[in-house]
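Below is one structure; the comments refer to it alone.
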2 protein chains.
Amino acid sequence: MKKEELVAEIKRKQSFLCVGLDTDLNKIPKHLLDTEDPIFEFNKQIIDATKDYCVAYKPNIAFYECLGKKGWESLEKTMEYIPENIFTIADAKRGDIGNTSSYYAKTFFEYLNFDSVTVAPYMGEDSVTPFLQFEDKWVIVLALTSNAGALDFQFVKDAQGEELYKKVLRKTSEWGTPENLMYVVGATRAEGIGEVRKTVPNNFFLVPGVGAQGGSLEDVAQYGFNEDCGLLVNSSRGIIYAGQGEDFAQKAAEAAQAIQQDMHKILQAKGW
Amino acid sequence: MKKEELVAEIKRKQSFLCVGLDTDLNKIPKHLLDTEDPIFEFNKQIIDATKDYCVAYKPNIAFYECLGKKGWESLEKTMEYIPENIFTIADAKRGDIGNTSSYYAKTFFEYLNFDSVTVAPYMGEDSVTPFLQFEDKWVIVLALTSNAGALDFQFVKDAQGEELYKKVLRKTSEWGTPENLMYVVGATRAEGIGEVRKTVPNNFFLVPGVGAQGGSLEDVAQYGFNEDCGLLVNSSRGIIYAGQGEDFAQKAAEAAQAIQQDMHKILQAKGW
């Protein structure tokens, strides 16, 4: 998907919501466990219920991988089911050297037809650039993550006082463009979002951590919004596990719509 | 596998060789493509040919993942085929927040029964520790990688002059022990291996980059050897693609044996 298409969908749906498909066999409603492919059945109903309120879906690959072949099958079927005008993110956090990164890229971009994949920066340029060779596909680099462990290395300052996450932003932004490179920026550090926005004014951010992890949508918008909107705010558990019974899809729709309404207000205030 | 079992195998086989199963459909001998599962057929013959010369096998997950369900099947069959007394490494370079890391850990340690998995450190403590909760299983943290991009972030010095890779060693070594934590340390930076050894004297290193990438076995042993040997030196392409014809397994055996002989000399000189 091209950037202008994503931006157009954000305007049309008045939403910059990404729904995280962290579909866990231990957490989905029990009545689905009798179906042939409970993971896909759950995703299908969640997608039907939320597709009008979001512009992106983000399956976290760990939840599919842990089921082996069967999990991959559920993931393939889910990818085929997601409507074409919705941006797809493989939350895989991959990263390896050149040739191997190319294989990961082929897996997610060609075999599974994702629009984007999350990538870890530790191994540097030749671990990231192989993912940037695919037309209309995106790399989403981990910059400032929303977890407690982010403090261990991401805020380490060099002799000039530059934090590691800023160096990651600065260096990686030379390898791609705002047309093929986004960043993971956690909502739990709203001031951090402002710092990231100063460093990379034109790139989209994928923002986890709103809701369950305690980040605020208003803060994210205040610090992160740019002329393209520039934000994809993710919610996983808060939406997909909003209900536990047979009406789980309806509950998910309500939870997604509530966030979309908040986003609509933010977009409206910006004149979108 | 416990550390003492690994050390005993190194002594018995007079080898600290790890064979990288980076099995690529585009690179394996053409006559195998007619078999039902060419990837597994190749691995099976490579394992039969090399198992007496090595103490570890390391499938790089990218090569299996890119084939989807079928690739996972080949990987499962390969894992079942590897003899029990050989240490297994899932070269997956995973890393995610707490709960999700647990799912990756379950995938590799329980579902596929690997002894160890490679993990990226960028997200910090809660991305690494979930992998450390499994008995007799190992985490192998990326510290100093063998690729060119390693220079981008791993050597960044903080205000006190400590490089990022050293900080990674220092911090992560507080989360695990030499009984469940190893490090990836590239052979292309032999002096680096010495620095790493000073920082973490008791942990095993998984050392890629000998052979095709230009690292020297003698240098690795000189700088990295400790009282447990402390080294697993990986070779992938140099062994598994040593031959291209119907005798590929024989050629792989010869390549593996040649390295094992060099290792035998090193071990002998150390009185092992």
What about B:N99, is it under 16 Å from the mean Cα position of the chain (by Cα), of a type outside the set (K, R) and more than 22 Å from B:S74 (Cβ to Cβ)?
no
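Considering each residue of the range A:53-69, count those that are of a type in the set (K, R) and at pLDDT 95 or above, and give that number. Steps first, please.
Restricting attention to the range A:53-69, the residues satisfying the condition of being of a type in the set (K, R) are A:58, A:69.
Applying the additional criterion that residues be at pLDDT 95 or above yields A:58.
Matching residues across the range A:53-69 total 1.
Please enumerate the residues belonging to the range B:122-160 that are among the basic types (K, R) and within 27 Å of A:W175 (Cβ to Cβ). Outline the logic, then answer.
Filtering the range B:122-160 for residues among the basic types (K, R) gives B:137, B:157.
The one that is among the basic types (K, R) and within 27 Å of A:W175 (Cβ to Cβ): B:K157.
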Within the range A:220-250, the count of residues that are buried (at least 17 other Cβ atoms within 10 Å of the Cβ) and farther than 17 Å from A:L25 by Cα comes to 12
Filter the range B:39-68 down to the residues that are touching a helix residue (DSSP H, G or I) at 6+ places or on another chain (Cβ under 9 Å) and within 14 Å of another protein chain (Cβ to nearest Cβ) and list them by number.
B:I39, B:F40, B:P59, B:N60, B:I61, B:A62, B:F63, B:Y64, B:E65, B:C66, B:L67, B:G68
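How about the range A:148-164: which of its residues are touching a Gly at 6+ places or on another chain (Cβ under 7 Å) and part of a loop (DSSP other than H, G, I, E, B)? Step through it out loud before you land on a result.
First, the residues of the range A:148-164 that are touching a Gly at 6+ places or on another chain (Cβ under 7 Å): A:149-153.
If the condition is that a residue be touching a Gly at 6+ places or on another chain (Cβ under 7 Å) and part of a loop (DSSP other than H, G, I, E, B), then A:G149 is the only one that fits.
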With the first residue restricted to the range B:17-28 and required to be within 20 Å of B:L217 (Cα to Cα) and at pLDDT below 95, and the second required to be outside any strand (DSSP E or B) and hydroxyl-bearing (S, T, Y), Cβ contacts under 9 Å at 6 or more apart or on different chains are none
Here the residues within the range A:168-193 that are at pLDDT 95 or above, touching a helix residue (DSSP H, G or I) at 6+ places or on another chain (Cβ under 7 Å) and small (G, A, S) are A:G176
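Return the residues of the range A:239-259 that are of a type in the set (F, W, Y) and over 19 Å from the mean Cα position of the chain (by Cα); say none if nothing qualifies.
Restricting attention to the range A:239-259, the residues satisfying the condition of being of a type in the set (F, W, Y) are A:241, A:248.
Correct list: A:F248 only.
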Kindly indicate whether any position in the range A:31-42 is under 15 Å from the mean Cα position of the chain (by Cα) and either at pLDDT 95 or above or surrounded by fewer than 20 Cβ atoms within 10 Å (Cβ to Cβ) (or both).
no
Tally of residues being buried (at least 21 other Cβ atoms within 10 Å of the Cβ) and facing another protein chain (nearest Cβ under 7 Å) across the range A:96-127
12
Residues in the range A:186-198: is at least one under 22 Å from A:Q133 (Cα atoms) and either part of a helix (DSSP H, G or I) or among the hydrophobic types (A, V, I, L, M, F, W, C) (or both)?
no
B:K171 is checked against (1) facing another protein chain (nearest Cβ under 9 Å); (2) surrounded by fewer than 20 Cβ atoms within 10 Å (Cβ to Cβ); (3) assigned to a loop (DSSP other than H, G, I, E, B) and fails just one. What number does that condition carry?
(3)
Looking for something facing another protein chain (nearest Cβ under 8 Å) and either among the aromatic types (F, W, Y) or closer than 20 Å to A:K58 by Cα (or both) - is there at least one such residue anywhere in the range B:78-86?
no
Expected single match for in contact (Cβ under 8 Å) with a residue 40 or more places away in the chain, assigned to a helix (DSSP H, G or I) and not small (G, A, S) among B:D136, B:D48, B:D126 is B:D48
Just one listed residue, out of A:V200, A:V156, A:V184, is within 14 Å of chain B (Cβ to nearest Cβ), over 16 Å from the mean Cα position of the chain (by Cα) and among the β-branched types (V, I, T), and it is A:V156
Top-ranked residue in the range A:92-120 [being part of a loop (DSSP other than H, G, I, E, B) and either modelled with pLDDT under 95 or touching a Leu at 6+ places or on another chain (Cβ under 6 Å) (or both); ranked as nearest to B:P121 (Cα to Cα)]:
A:A120
When you look at A:F40, is it in contact with a strand residue (DSSP E or B) (Cβ under 9 Å, 6 or more places away or on another chain) and among the hydrophobic types (A, V, I, L, M, F, W, C), yes or no?
no
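Just to verify a result, which residue in the range B:128-164, among those that are more than 16 Å from A:D158 (Cβ to Cβ) and β-branched (V, I, T), is surrounded by the fewest Cβ atoms within 10 Å (Cβ to Cβ)?
The initial filter retains those residues of the range B:128-164 that are more than 16 Å from A:D158 (Cβ to Cβ), namely B:128-150.
With the extra rule that they be β-branched (V, I, T), the set shrinks to B:128-129, B:139-141, B:145.
Numbers: B:V128: 24, B:T129: 18, B:V139: 23, B:I140: 26, B:V141: 26, B:T145: 28.
Out of the qualifying residues, it is B:T129.
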Quick check, is B:D228 in contact with a helix residue (DSSP H, G or I) (Cβ under 7 Å, 6 or more places away or on another chain) and more than 23 Å from B:V117 (Cβ to Cβ)?
no
Got a sec? Which of B:K58, B:K77, B:K70, B:K93 is within 28 Å of B:I10 (Cα to Cα) and out of contact with any strand residue (DSSP E or B) (no Cβ under 6 Å at 6 or more places or on another chain)?
B:K77
Could you check the range A:55-87 and list, in sequence order, the residues that are surrounded by 24 or more Cβ atoms within 10 Å (Cβ to Cβ), in contact with a Phe, Trp or Tyr (Cβ under 7 Å, 6 or more places away or on another chain) and not in a helix (DSSP H, G or I)?
A:V55, A:A56
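Collect the residues in the range A:217-272 that are part of a helix (DSSP H, G or I), charged (D, E, K, R) and in contact (Cβ under 8 Å) with a residue 60 or more places away in the chain, keeping them in residue-number order.
Taking the range A:217-272 first, the residues part of a helix (DSSP H, G or I) are A:217-224, A:237-240, A:248-269.
Among the residues that remain, those that are also charged (D, E, K, R) are: A:218-219, A:237, A:251, A:254, A:262, A:265.
If the condition is that a residue be part of a helix (DSSP H, G or I), charged (D, E, K, R) and in contact (Cβ under 8 Å) with a residue 60 or more places away in the chain, then A:R237 is the only one that fits.
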Looking only at the range A:204-216, how many residues end up being surrounded by 21 or more Cβ atoms within 10 Å (Cβ to Cβ), part of a loop (DSSP other than H, G, I, E, B) and modelled with pLDDT under 95?
2
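The values are calculated or read from the model by the stated rules, or taken from the named source; none is laboratory data. Just so it is clear, the model here is predicted, and its values are computed rather than measured. Methodologically, a virtual Cβ is constructed for each residue, glycine included, from the backbone with ideal geometry; neighbour enumeration extends over all protein chains shown.
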